[in-house]
1. Can you spot a residue in segment 37-52 that is modelled with pLDDT under 95, outside any strand (DSSP E or B) and open to solvent by 70 Å² or more (accessible area, probe 1.4 Å)?
2. So which residues in segment 168-189 are closer than 22 Å to Thr101 by Cα, in contact with a Phe, Trp or Tyr (Cβ under 7 Å, 6 or more places away or on another chain) and surrounded by 17 or more Cβ atoms within 10 Å (Cβ to Cβ)?
3. So which of Arg88, Arg77 ends up being part of a loop (DSSP other than H, G, I, E, B), at pLDDT 95 or above and surrounded by fewer than 18 Cβ atoms within 10 Å (Cβ to Cβ)?
4. Restricting to segment 109-160, give me the number of residues that are over 17 Å from Ile189 (Cβ atoms), modelled with pLDDT of 95 or more and aliphatic (A, V, I, L, M).
5. Just to verify a result, which residue in segment 91-107, among those that are part of a helix (DSSP H, G or I) and open to solvent by 100 Å² or more (accessible area, probe 1.4 Å), is farthest from Val40 (Cα to Cα)?
6. Looking at Lys62, is it part of a helix (DSSP H, G or I), modelled with pLDDT of 95 or more and open to solvent by 30 Å² or more (accessible area, probe 1.4 Å)?
7. Out of all the residues in segment 213-224, is one or more touching a strand residue (DSSP E or B) at 6+ places or on another chain (Cβ under 7 Å), modelled with pLDDT of 95 or more and not aliphatic (A, V, I, L, M)?
Amino acid sequence: MGRTRNMRSLTCNWKTIGLILFICGMLAVPSAATARPLTVFVDPAHGGDDRGVELDRGDFEKELTLDVAKEIENRFRGNRDISIILTRNGDETVPVERRRTMAREKKADLFISLHINAGFGAGAAGYEIYFSDGSWVRKQGESGDIIIEDMIENRIRNDSIRLAQIIEYHIGSVFPRQGRGLRSSPVLILSGMENAGILVEFGFGTNVKDRKKLLDPNIREAIARAVCDGIQAYNKGREKQDAE
């Protein structure tokens, strides 16, 4: 009986080791990571009946986030290394779950959700970024499964933090000294993401100065450019890491 139990334990250990080696290979082998372009989902928040924050009469968050998203898409058009996919291309209602499903189906590498902030008083201004911490990964089953889930959770968190830091740096050129920091918080759109994901709140629609900036097409173009620069920097870091 004890011999049988030992054999089962040995088999489980080898199974665990095999699974860990497999997942390490999936995460670390350069050819697997660089065989296709970096697929980035850009999510213009709201849309359709969900108008988001009203910045001025007839000017809503849903329109401005879409404007920035389309500019990002245009800037990468024809790029062989980076592929941009929007969760919506017009003024349409797209449920949160559908947006997440789209990213999973297309095997997104990155997910960037664009929002405009509101509240916290009229003096609140600037930008802040929320990142996915991978905490949705369920920890159940055999010990080997838990180890692998921990590895996946850590990868999602680390990649999300790295992306958030890079985007934060570049958006700082549009909102000098107005960064409100990086935050790990349960954000619905990022929950259950199987890839690095961030939510960017660029400016406050309830702040007079921010509102004026956000209604300026040149500023929205600058925000899009900053996000694009961040995506490119992330991809260069990814390629360098794979080459090592």
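1. No, there is no match, as no residue in segment 37-52 is modelled with pLDDT under 95, outside any strand (DSSP E or B) and open to solvent by 70 Å² or more (accessible area, probe 1.4 Å).
2. Val187
3. Unique residue meeting the criteria: Arg77.
4. Selection size over segment 109-160: 2.
5. Looking at the filtered set, the residue picked out is Arg98.
6. Taking the combined requirement at face value, the residue does not satisfy it.
7. Checked segment 213-224: at least one residue is touching a strand residue (DSSP E or B) at 6+ places or on another chain (Cβ under 7 Å), modelled with pLDDT of 95 or more and not aliphatic (A, V, I, L, M).
The values are calculated or read from the model by the stated rules, or taken from the named source; none is laboratory data. Since the structure is predicted, the reported quantities are computational estimates derived from the model, not experimental observations. Because the Cβ atoms are built from the backbone with ideal geometry, glycine has one as well, and the counts that use them run over all protein chains shown. All accessible areas refer to the heavy atoms of the entire protein, side chains included, with ligands and DNA or RNA removed. Shrake-Rupley method; radii C 1.70, N 1.55, O 1.52, S 1.80 Å.
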